[in-house]
Each structure stands twice: as structure tokens, then as C-alpha cells.
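Written out below as C-alpha cells is the structure these notes cover.
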Amino acid sequence: TLAERANLAGVRHILLVLSGKGGVGKSTLSTELALALRHAGKRVGILDVDLCGPSIPRMLRVQDSAVHQCDSGWVPVFVGQDKAIALMSIGFLLERPDDAVVWRGPKKNALIKQFVTDVAWGELDFLIVDTPPGTSDEHISTVEALRPYQLLGAVLVTTPQ
Amino acid sequence: AELRARLRAVRHTVLVLSGKGGVGKSTFSALLAHGLAADETKQVALLDIDICGPSIPKIMGLEGEQVHQSGSGWSPVYVEENLGVMSVGFLLSSPDDAVIWRGPKKNGLIKQFLRDVDWGEVDYLIVDTPPGTSDEHLSIVQYLSATHIDGAVIVTTPQEVSLQDVRKEINFCHKVKLPIIGVVENMSGFVCPKCKNESQIFPPTTGGAEKMCQNLSVSLLGKVPLDPQIGKSCDRGQSFLAEAPESPATLSYRNIIQRIQEYCEQHHLQEEKIM
């Protein structure tokens, strides 16, 4: 739909951060990459699609933030020193941070689709998408939902062993 | 009904969970299995339901093994006479094949593992899980309700980024009424082999697992220090406990394994009393 296209239309490059293995530093890298790009003067957004273990809000000290909607969709939380990095994470939708998101695939897929198309990102040079470990629902849904847009590629993170 | 029949011969079932990835669930599951199987009178089974990232075959030195079918079902792959292993890793034609499945297909395979694997009589069934709180976790708890699960061992590392995911896992256990045997804190400190100084590689900025366990009234089974030999042993498919018997990490693991054993035995006695 026109509205769906509009939300990502202003995003120049979309970058996925993947691994397969958990605990190798995807979220850490996503955060540092966003901060570094911002430092270099770019307009940056982060989309955290790790529904079971969303780490990005804490890493940017906004774990207690809430999100709200505007006419074009969800308004991201603005983080970083100059509050110029746009962040969306399911972490913001949890009533209590210790609540487990115990969802099966289909429900996760529906939320990811919404996250991808319903966030009012505005004009961004880079949108960094942080993913959970594995090669499952979240990954399939995210790639499918992003396919019509400017998907630059994936950065893969590992550790030596 | 088939599941119930298959699992009837399993005395104790322990789930190894986290919520956070890369904290050492598979490493711990493997060492728990080795530790329990050291008693040759015990029959141990290790089931790896991490379908996207099955680490158990490599850690147990069983890469490249295939699963055989017989009249009585799928045969687990045996590391020792009394230690059998099953993992989706054994079903892949190449170790680099990605298993890109959505939830329902993963659930189907997990059910099949439980229904069709011929474990025989088992004293301890250990189930290694992927990170998260999703299909695999819901399914394994659901399917194993046909037998009884002694409880879950939850693995974490000391930093808050891990603990925040682990608290969710603890809540998951409460939600599905899965007893928690206790929490293991991995990568808890590093002692330099040269200067013997201790460093906190993953500083427990919010009190580590100890504080979390106190706050949530859950048992802390033990803390295991970082030892580079652990990663090496896993890569080489050898038991770290056997390769580095003098390591402080080995001592920690052994104590934790003993506590888990005691918990299971006590449980059994209580059940027998009730019956």
C-alpha cells in the first residue's frame, strides 16, 4: 500500500546484521555501527527484530521508554547523544521488561511485518536491522518484508571458535 | 500415546535453557551428559533440539555420523555404550546446510525425535535447546508433558545484557509450570594461567547471577570460570572434564553436576513416597 511504501521510502540503505550463532555480538555491533555512522554525520535508524531477547534498548539506555503512534505509524524512540538515532524494538512494547515473549512463529511474523512497514522512520541514510540468532521465522519474515526496499546487504558476525 | 510409551522408560529429564544465545547451553549439556555417564551403571541420552544451530554433534565428536533406522525406530548415535546422542545435525547432508524452517516444521521434527528415537531404558534424558522462548521451547514442554520433566537448568553469563534475557526465561518456566533446578553462571571470571590474576571478562554490573537468583528465589547451582581449554575441547569434540581434570572450571562443573543429580534423585524419592 502507499502508506507501507512511504515509511521505508525515505531510507537510503538497509543493512542486516546476522549471525546464526547466538552471543557473538550482533546487538553490540549493531549499536556501535549506528553510533559510528551517526558520528560520521549520517542519519541512522535501528530496527531490533529480536522478539525473544531484545538487547538494543538497554545498550542505548532507553529500556524504560514507551512508544506511541502517529498518523503514519509507530514513532521510533530517539537515542544517542544528540537524540538523532531512531530506534524501534519490541522491548518498548513490553509492559514489564522481564515478561517473556513466548510466541510461536505466525505471531512473530505478523509483528515483524508491522515493524518493518509501520514505523515512521522519516529520511534515513542507514537503517540497521539487528536480528536474533538462528535461521528461522524472524529471518525469513524480515527478509521477505524488506525485499521491495533498498536492501544493501548483510553483515555477518562470528567469534573465532 | 506413542510418545508416552517411548518416554515411559526415561527416569529423569532435564532441560537446559537460557533465553540468551552463546552462554554455554550446549557446552553445559554435553558436559552434564559426560559427567552423568561417567557412572557406567547409568544410561544417558542427550537430545539436541537446536534445529538452526545444532552444536552437539561437534561438541560430542560425532560430526559426520548418520542416523540409522531399525524396526524399533531411529537409533541414537552412541559416544559411549551408555551415552546416546540425537541431533538434527545428524540429518543434514552437509554441516554447512542451513535449516531455514518456520515454527511448525521445527515442531514436527521435535515431535518426531521424541516419538521415533529408540533410546531404550534411560536414566537421564538431557535436552539442549536453542536460545529464545519460542516454538522449540513451547513444543518440548508440551510434548514432554507425556512424561515428567524433573526441571530446567538455566545457563547465563554474568552481564546484565544476558541476565535480562534469562529473567524472561525464568518467567517462561513459571508460565509453563516447569520447575527450575537452578541457574549456572558461565564465563564467571578468568584466571590468567601465567600470572594467576583474576579478571572479570564479563563484569557482573548488576550483581550477576547471584543477585538475580536472590531476587527471583531461584537456586544458583554454581559459577564456572572462563577457561580457553573449554572452547578448544568443544571444537575438537572431546570432553573438557576428561581433558582438563585439574582446571577450576572442571571442579565447578563437577559440583554443579552433582547438585543436579541430587535434585533428580530427591525428586524421585518424593514421587515414590507419594505413589
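The values are calculated or read from the model by the stated rules, or taken from the named source; none is laboratory data. Only a predicted model underlies this, so the values are computations on that prediction, with no experimental measurement involved. Counting neighbours? That spans all protein chains shown, and the Cβs are built from the backbone with ideal geometry, glycine included. The accessibility values were calculated without ligands, DNA or RNA, using every heavy atom of the protein model including side chains. Shrake-Rupley method; radii C 1.70, N 1.55, O 1.52, S 1.80 Å.
Take region A:11-157 with all the other protein chains still there, run a 1.4 Å probe, and you get 43 Å² of accessible area per residue.
Comparing B:H137, A:I14, B:V191 along the charge dipole axis of the protein assembly as shown, the residue lying farthest to the positive side is A:I14, per the Cβ-charge model. In chain A, the portion of solvent-accessible area held by carbon and sulfur atoms comes to 54 percent [1.4 Å probe, whole percent, DNA, RNA and ligands not counted].
Between amide H atoms placed 1.01 Å from N, distances below 5 Å from A:A84 occur with A:V79, all of them 5 or more places distant or on a separate chain.
Once the Cβ-Cβ distance of A:A84 and A:L29 is raised to the sixth power relative to R0 = 30 Å, the FRET efficiency obtained is 0.95.
Among the GluC sites (Glu not before Pro) within region B:20-106, those in coil by DSSP and having at most 13 neighbouring Cβ atoms inside 10 Å are B:E40, B:E63, B:E81.
For peptide B:20-27, the mean count of partner chain Cβ atoms within 10 Å of a residue's Cβ comes to 4.
In whole percents, the pair-distance distribution calculated for region B:133-227 from its alpha-carbon pairs, binned every 5 Å from zero, is 3, 13, 22, 20, 15, 12, 8, 4, 2, 1, 0. Atom-type composition of the exposed protein surface of chain B places 49 percent of the accessible area on carbon and sulfur (1.4 angstrom probe).
Averaging the sequence gap over all C-alpha pairs within less than 8 Å and six or more residues apart, then dividing by the number of residues, gives region A:49-129 a relative contact order of 36 percent.
Of the candidates B:G89, B:G24, B:G53, which one comes out as most mobile in a Gaussian network treatment of chain B with C-alpha springs shorter than 10 Å? For chain B, modelled as a Gaussian network with Cα springs under 10 Å, the answer is B:G53. In the protein assembly as shown, with Lys and Arg counted as +1 and Asp and Glu as -1 at Cβ, which of these residues, A:I140, A:T117, B:S29, has the Cα nearest the positive end of the dipole, that is, farthest along it? Sorting the options by dipole projection puts first A:T117. The charge dipole of region B:1-274, taken about the Cα centre with unit charges on the Cβ atoms of Lys, Arg (+1) and Asp, Glu (-1), comes to about 780 debye, rounded to the nearest 20.
Relative contact order of region A:11-157, taken over Cα pairs closer than 8 Å and 6 or more residues apart, is 45 percent. Interface residues of region A:43-84, defined as those losing at least 50 Å² of solvent-accessible heavy-atom surface relative to the isolated chain (probe radius 1.4 Å), are listed as A:C52, A:R58. Its alpha carbons give region A:16-95 an Rg and a Dmax of 12.5, 38 Å. Backbone amide hydrogens, once placed in the peptide plane, bring B:T13 within less than 5 Å of B:L125, B:D150, B:G151, excluding anything fewer than 5 places away on its chain. Working from Cα pairs under 8 Å separated by at least six residues, relative contact order for region B:122-216 is 29 percent.
Distances between placed amide hydrogens fall under 5 Å for B:T206 paired with B:E160, all partners being 5 or more residues away or on another chain. Counts of other chain beta carbons within 10 angstrom of each beta carbon in peptide B:162-168 average 6. The Rg/Rh ratio of chain A, with both radii computed over alpha carbons and Rh defined as the Kirkwood radius, is 0.93. For region B:96-178, the set of GluC sites (Glu not before Pro) satisfying both a DSSP loop assignment and a count of at most 13 other C-beta atoms within 10 Å is given as B:E121.
Starting from region A:64-161, pick out the trypsin sites (Lys or Arg not before Pro) whose DSSP state is loop and whose Cβ has at most 10 other Cβ atoms within 10 Å. Sites meeting the loop and neighbour criteria: A:K83. Taking N as the residue count of the protein assembly as shown, its C-alpha radius of gyration divided by 2.2 N^0.38 Å amounts to 1.00.
Evaluating 6.51 cos²θ - 1.76 cosθ + 1.60 at θ = phi - 60° for every residue in region B:90-97, the Karplus couplings come out as 6, 9, 7, 6, 9, x, 8, 4 Hz, glycine and proline recorded as x. Build a GNM of chain B with springs between Cα atoms under 10 Å apart, and of B:V176, B:V153, B:V122 the one that fluctuates most is B:V176.
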